[in-house]
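Student: Here it is, the structure in full.
Any read-out appearing in this document is the output of simple, stated calculations on the displayed coordinates, not a laboratory observation. Remember, it's a predicted structure, so these values are computed and weren't measured experimentally. Backbone-built Cβ (ideal geometry, glycine too); neighbour counts: all protein chains shown.
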Amino acid sequence: MALPNESSLQKLQFYVTTPYTCGYLPQRRAQSLIATPQQLVTPQVYNELIRQGFRRSGNFAYRPHCEHCQACISVRIVLSEFKPNRSQKRAFKQHAPLHAHALPVAFDQTHFELYQHYQAARHAPLEAAQTNDRLDEMEQYRQFLCQSNVDSLMVEFREQDSTLKMVSVVDVVQDGLSAVYTFYDTSDPKASLGTYSILWLIERAKSLGLPYLYLGYWIEASQKMAYKQAFQPQERLIDGI
């Protein structure tokens, strides 16, 4: 088992989860390597973990650790060399009027409602839920996006009339920004909000003098991940290199 070996990480312990159905390749079983205890995953420690392919979900730092699969590849955009293509330029111009506002990571009912609509549109349709189911979904949302033990923020994007269009959850690390999760209004088929969110983060990271934007994992066989290939050049972490 390949584990981080920097001195700042030596107090951490790592365990492998039991197998579960992969969210991107449903025909496969997945496992994750979890860093514990959570309270020791400080911003400084997470700076080292993310360079070694870890990501954050709520208060958990993890990376894929599947016995028979290495499809998940950690990628980051090299900002000094990035040049938007024609489609990306159109997306940036289209949504440039949106007002971006950075907020502390916290639960907001309006954000949660947008998240619910996004999930219903992008994933399996939501069935009529009972009260307990709705409460469970809210608690999962809180744990996933409204908790963090590293330097994180929520960026909301609104129209001039204050209509909420998109929310991006972002981690700030020593050498870049990390796009944790973005959800948005899917009602307009001509919109390119997902692309715009990445372009906005690229510009934000550049303004902070940071060299990278971490995009999480890219999986060649997953159509959900295909959009990440459009942002070049990028570095891919393969076999720890």
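Student: Hey, which of these cross-link pairs are over 21 Å Cα-Cα: LYS89/LYS165; LYS165/LYS190; LYS93/LYS224?
Tutor: The pairs that break the limit, which is 21 Å between Cα atoms, are LYS93/LYS224.
Student: Between LEU25 and LYS93, what is the FRET efficiency for a Förster distance of 22 Å, r being their Cβ-Cβ separation, to the nearest 0.05?
Tutor: 0.05
Student: Further question on the same structure: Quick one: compute the contact order of segment 7-72, relative version, from alpha carbon pairs under 8 angstrom and 6+ residues apart, as a percent.
Tutor: That works out to 31 percent.
Student: Using amide H atoms built 1.01 Å from N in the peptide plane, name the residues 5+ places from TYR181, or on other chains, whose amide H lies under 5 Å from its own.
Tutor: Close amide H contacts, sequence-distant or interchain: VAL169.
Student: A follow-up question, please. Mind giving me the nanometre distance, one decimal, between the label points for PHE144 and HIS123, set 7 Å out from Cα along Cα→Cβ?
Tutor: 0.4 nm
Student: Right, here's the next one. Only Cα pairs under 8 Å and at least 6 apart count here; give the relative contact order of the chain as a rounded whole percent.
Tutor: Relative contact order for the chain comes out at 25 percent.
Student: Let me ask you something else. Rounded to the nearest 0.05, what FRET efficiency do THR18 and GLN232 have when you use their Cβ-Cβ distance and R0 = 41 Å?
Tutor: Efficiency, from the Cβ-Cβ distance: 0.65.
Student: Take the alpha-carbon centre of segment 204-241, take the same for segment 90-113, and report the distance between them in whole Å.
Tutor: Distance between centres, Cα-based: 21 Å.
Student: Counting only helical runs of four or more DSSP H residues, what would the 222 nm mean residue ellipticity of the chain come to if each run contributes -39,500 (n - 2.57) and the total is spread over all its residues?
Tutor: It lands at -8000 deg cm²/dmol.
Student: So, one more: Per the Kirkwood formula on distinct C-alpha pairs, the Rh of segment 7-72 is how many angstrom? Display every interim value, and only then the final one.
Tutor: Working: mean 1/r = 0.0799 Å⁻¹.
Over segment 7-72, the inverse of the mean reciprocal pair distance is 12.5 Å.
Student: Alpha carbons only, please: Rg and Dmax for the chain, in angstrom.
Tutor: Final numbers for Rg and Dmax: 17.9, 52 Å.
Student: How far apart, in nanometres, would the label points at GLN223 and THR163 be if each is projected 7 angstrom from Cα along the Cα-to-Cβ direction?
Tutor: 2.8 nm
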